[in-house]
1. Counting only residues that are closer than 12 Å to V322 by Cα and open to solvent by 10 Å² or more (accessible area, probe 1.4 Å), how many does the stretch 288-299 have?
2. Among the candidates S161, S141, single out the residue that is closer than 26 Å to E72 by Cβ and in contact (Cβ under 8 Å) with a residue 12 or more places away in the chain.
3. What are the residue pairs meeting all of these: first residue in the stretch 275-289, first residue polar (S, T, N, Q), second residue open to solvent by less than 20 Å² (accessible area, probe 1.4 Å), Cβ atoms under 7 Å, and 6 or more apart or on different chains?
4. Based on what the data block shows, is S58 surrounded by fewer than 17 Cβ atoms within 10 Å (Cβ to Cβ), closer than 18 Å to F176 by Cα and out of contact with any helix residue (DSSP H, G or I) (no Cβ under 8 Å at 6 or more places or on another chain)?
5. Please specify each residue of the stretch 116-157 satisfying the condition of being more than 16 Å from T30 (Cα to Cα) and in a loop (DSSP other than H, G, I, E, B).
6. Just to be sure before I move on: is V323 in contact (Cβ under 8 Å) with a residue 12 or more places away in the chain, under 30 Å from L126 (Cα atoms) and among the β-branched types (V, I, T) in the structure I sent?
7. For the stretch 158-180, give me each residue that is open to solvent by 40 Å² or more (accessible area, probe 1.4 Å), within 20 Å of M307 (Cβ to Cβ) and not in a loop (DSSP other than H, G, I, E, B).
8. Only residues that are among the β-branched types (V, I, T) and open to solvent by 10 Å² or more (accessible area, probe 1.4 Å): list them for the stretch 300-337, please.
Amino acid sequence: MTPVYLRPNAFVEPLFNRWYAWPYLVSPMTAAMYVESLHLPLLESFLANPRMHVAALSNPEMAGGPFVGHGEASAPAVARLLQETRRASAPLLEFAAAVRELTKILAERADGCSLQSVYSAVPEALRGFVELVYDVNHHASIRFLEPLLYRSRFFDESAQSVLLSLVGGDDRAFVFNTPRLEEGGGLRLDLPYRSEALDALFRMREHARPLAFAREALGVAESSGGNFERLFTDRPPRLQSLPPSSGVRVRYFGHACVLVETRGTSVLTDPLIPYEHGAGIPRYSWSDLPASIDYALITHAHQDHCMLETLLQLRHRIRNIVVPRNSGGGLADPSLKLILEAAGFRNVYELDELGEIATPGGSITAVPFLGEHGDLNIRSKTTYLVKLLGRSFLFCADSNAFEPAIYDHLRDLLAGLDAVFVGMECEGAPMSWMYGPVLTAPLARRMDQSRRLDASDCERAMAMVERLRPRSAYVYAMGSEPWLGYLTSIHYTEQSRPIVQSRAFVAACEAAGVPAAVLHGSSEMSFA
């Protein structure tokens, strides 16, 4: 048979109970809370009034809101999904109910004295999976023994599947509020994320194989129809990009995804690769990546920075994946190492703050990351200092520099930066937009509006630049690329605060003698 390639616009959507999967739907302890407090209520709300959901989503400003993006005719399919979710996710719903019950028990019984007597009241579902602890102010909380949960009935890979399809433009609908139904397009396969069949499939982007090989690897029947065949082509992809012959090359792929590459080493931050479909603004895509990615760096677990869709497609190329070290067992802060290992990644390394990994020709250092997490005690976040061939780059992701004194303490470590990459999505959603399902106490609106998921504004970003004096500064991680709407639902105007603030930052940098720019789409910088 004629060998074929996977098309450059073919993609996989990882699904959990038919919902678009992100890290918090892999960890059992957080998946339970999102099923209970987000997925089921959304389905119930849609069935109670589908017209309201349709009407709400006719307004583009409501794209990221709690509205299911299906029409009234899909109500029977949504009802079937609701019934199946209640049945299949019964263990997770039991877990979530037990968490809320134990939280209430601690509020009533934890008075600063020993917690040992409380263990007899721990709900059966949580027995042996939790430790009850006080902080130094004698406030009681639950510490989950998270590795054990991956060995329990609460971790069920049968909830995982993948949806294979083609993308024809940059206008994908927002994915986090709408489950995939059987009547939709694409080809859904009941494969866990860790399936090596996915690696075999995505190797076919560069290496042609017979269509029968792909069918056998994925378990796709001959009767699958055209949804499978159309994923492939006999046309070879663009020639793969060669590494720089000397010095350091930095390529911006959009959002917080940046490739730092020398002739011998490649480092990719927060992988999120746009697709080639022949439309839209110029971009780098799969052929612009090296055949092997030495280090993939994940700054934090938010949906647009730890992107399972992209990571699964790159897994066969990634030699090492680096994540921030987890604080251990907090309900709002699942371990990224455990999540990625459960998703089939090998060589996952955790870095403590100021921890360092030696690389050929340089090093990778974890630097403290403040803010953007609604003041929750989230340790699974870090920025990275990447040094290669005597050049150094700081990737701040969504860090909010509201306490610039930290950079006074880091001045020696960060001296001589060639470039700093600063996230300036400074408006941010209310904290509950992401973390609402894991909260176990009521949240007043004034609290929610105050504790936003925001990055630096001009004043804060300049306070960092003034202390570190980098040779150049770049604004990135703005969510402004046209292909990111399905993740961020962001639609900026010229008057949007992040746009105004980022332009003011560039002007302030230039006035201070620091060349600066707002990155958008694709860019390349060379450091000889």
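The values are calculated or read from the model by the stated rules, or taken from the named source; none is laboratory data. Computed from a prediction, not measured in an experiment: that's the story for all the values here. Cβ placement follows ideal geometry from the backbone for every residue including glycine, while neighbour counts extend to all protein chains displayed. Side chains included, ligands, DNA and RNA excluded: accessible areas come from the protein's heavy atoms. Shrake-Rupley method; radii C 1.70, N 1.55, O 1.52, S 1.80 Å.
1. Number satisfying all stated conditions: 2.
2. On inspection, the qualifying residue turns out to be S161.
3. Once the first residue is polar (S, T, N, Q) and sits in the stretch 275-289, its partners that are open to solvent by less than 20 Å² (accessible area, probe 1.4 Å) give S285/I273; S285/P274; S285/Y275.
4. Judged against the criteria, S58 is a match.
5. Result: V122, P123, R127, G128, D135, V136, N137, H138, H139.
6. Working: in contact (Cβ under 8 Å) with a residue 12 or more places away in the chain: yes; under 30 Å from L126 (Cα atoms): yes; among the β-branched types (V, I, T): yes.
Yes, satisfied.
7. Result: L166, single match.
8. Residues of the stretch 300-337 that are among the β-branched types (V, I, T), as a first pass: 310, 318, 321-323.
The answer is I318, and nothing else.
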